[in-house]
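Engineer: Below are the structure tokens for one structure; questions will follow.
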Amino acid sequence: LLAAANSLAVVFVALEMVSLPSYVLVAYLKQNRGSVEAGLKYFLVGALSSAIFLFGISLVYAATGSLILADIASASVEGVTGVLGVGVVMMIGGVAFKTASVPFHFWAPEAYEGAPAPVSAFLSSASKAAGFVVAFRVFTEAFPLELAVSANVDWMLAFAVLAAVTMTLGNFAAAVQEEVKRMLAYSSIGHAGYALIGVAALTVDGPANGTVMGAAMAHLLVYGFMNTGAFLFVAMAERWGVGRTFADYAGLWRRAPVASVAMAVFMFSLAGLPPFAGFFSKYFLFQAAIDNGFLWLAGLGAINSVVSLYYYSRVVKALFLDEPESPSALDAIDVRPTALYAAVVFAAVATVLLLPGFGPVIETAEAAASALF
């Protein structure tokens with residue numbers, strides 16, 4: 001529904017249809033106070049962001065007289081550019097919440113940590129993708145680049161600031177975490193900043209507009225597999241009775257070698273190390289941003305990727321190099337294969353198989369993105 005929507009009203013309804021089940025899923029563990037509290041906070045902040053997004057839509061309607069995306073793009077906004085600008089900014093705020101972008105990110109660590117790990121995996125990948133659908137499609141179709149520049153409603157600049165701040169704060173916050181699940185929550189915020197480059201690096205008649213947005217779409221696909229796999233590994237570790245800190249993962253490879261290798265694949269791919277799929281998605285994204293004249297944004301993304309290597313490697317170090325404080329604790333872990341174990345391995349295999357298939361993936365994404373311009 002969200003992908004096929006041609007009206008801001010339908011976009012809003014579709015976003016709410018994605019959000020409402022998410023509030024319930026976060027509070028799924030009814031006996032767990034942390035889960036219920038996280039669900040309540042997520043709901044309250046989500047309701048506020050939905051109100052802001054809806055108010056922004058109403059201002060856009062007041063300025064253009066329509067909710068249809070194509071009609072908004074062709075409407076005359078002379079004399080009401082201020083109203084339109086405020087409406088667009090409020091809509092950007094709504095999108096920033098859905099994508100957990102700074103400064104609307106504060107719900108994400110609490111929700112991801114309090115929710116069951118499989119729910120956290122869903123929220124940080126599939127649910128977050130809904131916000132990017134709005135950013136990619138609605139803003140380029142309803143507020144074309146030429147209109148944005150001529151009407152002084154430069155939403156590209158707003159997204160550039162969001163991308164820079166989000167990737168930087170997300171990565172540096174993740175670097176100081178001691179719990180693996182909370183670290184993944186903040187790293188998810190950092191990856192939202194990378195994906196926002198897809199709309200931040202657009203320019204009027206830019207030679208790589210389709211490429212940069214297509215690369216962002218491809219990165220979201222790759223991110224979906226590797227981030228989901230990482231959260232599922234955390235869920236599996238929790239089921240085994242393993243703690244949440246890096247120290248609790250020490251020596252775990254001895255009891256679960258296959259799952260530990262899969263987790264290492266996720267970590268290195270999330271960090272953007274070659275030859276993993278995460279490297280290629282970031283490479284195409286940063287290269288396209290440079291081609292469009294956003295060297296500073298691509299450079300900032302590369303610096304943040306280096307920062308992310310530090311905290312992702314902490315997980316790998318704990319799994320393979322660190323010695324457990326109590327060797328007997330490892331022996332008590334029941335690592336019998338389960339459906340969750342199979343899902344982790346599948347996600348790792350999918351992440352690796354995306355390497356030879358990345359060419360068709362990026363070509364398809366670029367073709368889809370180019371259709372918006």
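Engineer: Looking only at the stretch 74-88, decide whether some residue is touching a helix residue (DSSP H, G or I) at 6+ places or on another chain (Cβ under 6 Å), of a type in the set (S, T, N, Q) and not in a helix (DSSP H, G or I).
Structural biologist: no
Engineer: Next question, about the same structure. Among the numbered criteria (1) at pLDDT 90 or above; (2) of a type in the set (A, V, I, L, M, F, W, C); (3) under 20 Å from Y112 (Cα atoms), which single criterion is violated by A215?
Structural biologist: (3)
Engineer: Let me ask you something else. Sort through V95, V204, V119 and tell me the only one that's surrounded by 24 or more Cβ atoms within 10 Å (Cβ to Cβ) and free of Cβ contacts under 8 Å to residues at least 60 places away in the same chain.
Structural biologist: V95
Engineer: Going through F246, F280 one at a time, which residue ends up being out of contact with any Gly (no Cβ under 6 Å at 6 or more places or on another chain) and within 14 Å of V315 (Cα to Cα)?
Structural biologist: Numbers: F280 fails: within 14 Å of V315 (Cα to Cα).
Being out of contact with any Gly (no Cβ under 6 Å at 6 or more places or on another chain) and within 14 Å of V315 (Cα to Cα) holds for just one of F246, F280, which is F246.
Engineer: Here is a follow-up. Return the only residue of A130, A111, A126 being more than 24 Å from G210 (Cα to Cα), in contact (Cβ under 8 Å) with a residue 12 or more places away in the chain and assigned to a helix (DSSP H, G or I). I'd like the intermediate steps shown before the answer.
Structural biologist: Values: A130 fails: more than 24 Å from G210 (Cα to Cα); A126 fails: more than 24 Å from G210 (Cα to Cα).
Answer to the selection: A111.
The rows are residues; the columns are (1) closer than 19 Å to K128 by Cα; (2) surrounded by fewer than 19 Cβ atoms within 10 Å (Cβ to Cβ).
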{"residue": "A142", "(1), (2)": "no, no"}
{"residue": "E146", "(1), (2)": "no, yes"}
{"residue": "V149", "(1), (2)": "no, yes"}
{"residue": "D154", "(1), (2)": "no, yes"}
{"residue": "G170", "(1), (2)": "yes, no"}
{"residue": "V176", "(1), (2)": "no, yes"}
{"residue": "V180", "(1), (2)": "no, no"}
{"residue": "S187", "(1), (2)": "yes, no"}
{"residue": "H191", "(1), (2)": "yes, no"}
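Engineer: Taking the stated definitions as given, is A70 out of contact with any Pro (no Cβ under 7 Å at 6 or more places or on another chain) and free of Cβ contacts under 8 Å to residues at least 40 places away in the same chain?
Structural biologist: no
Engineer: Out of G193, G198, G210, report the one residue that is under 26 Å from Y310 (Cβ atoms), in contact with a Phe, Trp or Tyr (Cβ under 7 Å, 6 or more places away or on another chain) and assigned by TED's automatic domain parsing to the domain that holds V307. Before the answer, list the steps.
Structural biologist: Details: G193 fails: in contact with a Phe, Trp or Tyr (Cβ under 7 Å, 6 or more places away or on another chain); G210 fails: under 26 Å from Y310 (Cβ atoms).
Unique residue meeting the criteria: G198.
Engineer: Among the residues of the stretch 169-201, how many are under 22 Å from D291 (Cα atoms) and among the hydroxyl-bearing types (S, T, Y)?
Structural biologist: Step one: list which residues in the stretch 169-201 are under 22 Å from D291 (Cα atoms), which gives 191-201.
Next cut, among the hydroxyl-bearing types (S, T, Y) only: 194.
Residues that pass the stated criteria total 1.
Engineer: Assigned to a helix (DSSP H, G or I) and in contact with a helix residue (DSSP H, G or I) (Cβ under 9 Å, 6 or more places away or on another chain): does that describe F139?
Structural biologist: Details: assigned to a helix (DSSP H, G or I): yes; in contact with a helix residue (DSSP H, G or I) (Cβ under 9 Å, 6 or more places away or on another chain): yes.
The answer is yes for F139.
Engineer: Quick one: count up the residues across the stretch 229-264 that are buried (at least 24 other Cβ atoms within 10 Å of the Cβ) and among the β-branched types (V, I, T).
Structural biologist: 1
Engineer: Can you tell me which residues in the stretch 19-64 are part of a helix (DSSP H, G or I) and of a type in the set (K, R)?
Structural biologist: Once the filter is applied, which keeps residues that are part of a helix (DSSP H, G or I) and of a type in the set (K, R), the stretch 19-64 yields R33, K41.
Engineer: Say we look at the stretch 295-327 and pick out the residues that are closer than 20 Å to A175 by Cα and hydroxyl-bearing (S, T, Y); which of these is surrounded by the fewest Cβ atoms within 10 Å (Cβ to Cβ)?
Structural biologist: In this case the residue turns out to be Y310.
The values are calculated or read from the model by the stated rules, or taken from the named source; none is laboratory data. The structure presented is a predicted model; accordingly, all values stated were derived computationally and were not measured. When we count neighbours, we look across all protein chains shown, and the Cβ atoms used for this are built from the backbone with ideal geometry, even at glycine.
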